[in-house]
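Here is the structure we will look at.
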Amino acid sequence: MCLAIPGKLIEITQQLDAVFRMGKVSFDGIIKEVSLNLLPEAKVGQYVMVHVGAAISIIDEEEAKKTFAVLKQLDELEELEGPEMFNNNDFLEG
């Protein structure tokens, strides 16, 4: 199943202009590079929903924590696994 997963935007890594940006998002310590093109207003420290490599909406921290916990319980986080990940403990830390 393909779901949107909440994560914390921790860094803007590329910015061609105000719209075309890439950033690092932390999902419970797993870092992924995602497109921010659909969310030009997204800022470092905000929580975003990511679907197939693109941030599609901004959500609040409480909702991000609840959603991530449910997805973890349901074992629906397989798409986070992969060779491009590395560990960092920035997700859901104040």
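Of everything in segment 43-67, what is within 10 Å of the chain's Cα centre (by Cα) and either exposed (fewer than 14 other Cβ atoms within 10 Å of the Cβ) or basic (Lys, Arg) (or both)? Give them in sequence order.
53
Condition first: over 11 Å from residue 7 (Cα atoms), touching a residue at least 24 places away in the same chain (Cβ under 8 Å) and assigned to a loop (DSSP other than H, G, I, E, B). Now tell me which residues in segment 45-63 satisfy that.
Matches in segment 45-63: 52 only.
Given the conditions (1) of a type outside the set (Ser, Thr, Tyr); (2) surrounded by 17 or more Cβ atoms within 10 Å (Cβ to Cβ); (3) at pLDDT below 95, report the number of the one that residue 78 does not fulfil.
Condition not satisfied by residue 78: (2).
Among 91, 68, which is at pLDDT below 75, of a type in the set (Phe, Trp, Tyr) and in contact with a Phe, Trp or Tyr (Cβ under 8 Å, 6 or more places away or on another chain)?
Exactly one residue qualifies, and that residue is 91.
Give me a count of the residues in segment 1-36 that are assigned to a loop (DSSP other than H, G, I, E, B) and of a type in the set (A, V, I, L, M).
Within segment 1-36, residues that are assigned to a loop (DSSP other than H, G, I, E, B) and of a type in the set (A, V, I, L, M) number 7.
Read through the list (1) without any contact (Cβ under 8 Å) to a residue 60 or more places away in the chain; (2) out of contact with any Asp or Glu (no Cβ under 6 Å at 6 or more places or on another chain); (3) surrounded by fewer than 20 Cβ atoms within 10 Å (Cβ to Cβ); (4) not acidic (Asp, Glu), then give the number of the only condition that residue 24 fails.
Every listed condition holds for residue 24 apart from (2).
The values are calculated or read from the model by the stated rules, or taken from the named source; none is laboratory data. None of these values were measured; they are calculated from a predicted model. All Cβ positions, glycine included, derive from the backbone under ideal geometry; neighbour counts span all protein chains shown.
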